[in-house]
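The values are calculated or read from the model by the stated rules, or taken from the named source; none is laboratory data. Since we're looking at a predicted model, the values are computed, not measured. Using ideal geometry, Cβ is built from the backbone for each residue, glycine included, and neighbour counts are taken over all protein chains shown.
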Amino acid sequence: MPSRPSSGRPPKQSTMSCTTTTSTATPIPSTSSLSPSTTTTNSNAFAGPSSSSSSSSQPGHYMTLPTTSSAYSHTHEMALYLTNTFAPAVVPQPDEYLAKESARVYLEKLADRVSPGAKLLPFGSMANGFALKNSDMDLCCFLAKDAPMRPASELVQVLGSLIEQETNFHVKMLPRARIPIIKLTMPPTATVPFGMACDIGFENRLALENTRLLLTYAMVDTRLRTLVLFLKVWTKRRKINNPYRGTLSSYGFVLLVIHFLAQVKSPPVLPNLQQLPPLRPVPSKNKSSKATTSPSSTTWKHYLESGKLRTETMWENS
């Protein structure tokens, strides 16, 4: 019987290799500090890479996704790959968190010299758990409640000049920008081998609350973090994550993912936290009335547990 002519295409692979690694988990940071020792996660989904994986420690190096013969034939293996191999290769390691936390503490001391009692609090990706390696550090300066009010443009110039005198940071002060800010950059050194970039803003409380909201979502379901990290790498490689070029920012893509998992996916993978009652009493605007009561923590725990049961097969049904 004559042999069937070849189509010229390589044969389809029936299986996909999936390498898993286990190591110390890289925690999601808290909003009060960048130190990785302050918080922990209850899942090994984001365990750090093993010591034998040397290539993943290079900045900007991302693991290559394995190919698959059809769209959904290996969703379970793909989920394991993204969780155990891809995510640990792209997230900041503990030494990066420690270096940036040390810088934050020192900068906060300088801010205290400008305005006694001032605090520098982290926000953005380095504080909400969605950071990639060598991400910029965003800090917000909050003055003490009893401190005299000073315009942000003045604080940019005073604090920026002090940082320029006392540190090795290259300082760029933008006091006349729509949002006054201090931009700091540091070239690679022995203690900071990949350099450091930092932005300091002033009295931006909304950014801090948004960071807490995203951090809470990341703790509700750890798979959200893996999905966001993959999307951030994908958009960065295709150069579609820059709002100055007409595309969305990384923050915008994170909001899209949360909206999809909470509003589009049926049943929802994530709860809509902004529609849930608070877990603690909220003071009423009417002083004569009593504080609004809130549901007990048991109700919240039951909601999360029931949501987890509904999302066990998320990857298989995607």
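For residue 145, the stated conditions do not hold, so it cannot be described as assigned by TED's automatic domain parsing to the domain that holds residue 194, under 30 Å from residue 234 (Cβ atoms) and of a type outside the set (Gly, Ala, Ser). Among all residues of the range 197-210, there is none that is of a type in the set (Lys, Arg) and in contact with a Ser or Thr (Cβ under 8 Å, 6 or more places away or on another chain). Within the range 138-156, residues that are under 19 Å from residue 122 (Cβ atoms) have Cβ atoms under 8 Å from residues that are among the acidic types (Asp, Glu) in these pairs: 138/199; 139/199; 140/203; 141/203; 142/203; 143/203; 152/203, counting only partners at least 6 apart in sequence or on another chain. Only a single item in (1) under 27 Å from the mean Cα position of the chain (by Cα); (2) over 22 Å from residue 212 (Cβ atoms); (3) of a type in the set (Gly, Ala, Ser) is not met by residue 153, and it is number (1).
Considering 145, 100, 119, 133, which residue is basic (Lys, Arg), more than 21 Å from residue 229 (Cβ to Cβ) and surrounded by 14 or more Cβ atoms within 10 Å (Cβ to Cβ)?
Result: 119 is the single residue among 145, 100, 119, 133 that is basic (Lys, Arg), more than 21 Å from residue 229 (Cβ to Cβ) and surrounded by 14 or more Cβ atoms within 10 Å (Cβ to Cβ).
Filtered by the rule that a residue be of a type in the set (Asp, Glu) and either touching a helix residue (DSSP H, G or I) at 6+ places or on another chain (Cβ under 6 Å) or over 19 Å from residue 100 (Cα atoms) (or both), the range 167-206 gives a lone residue, 203. The residues on offer are 114, 192, and the sole one that is within 22 Å of the chain's Cα centre (by Cα), aliphatic (A, V, I, L, M) and over 18 Å from residue 207 (Cα atoms) is 192.
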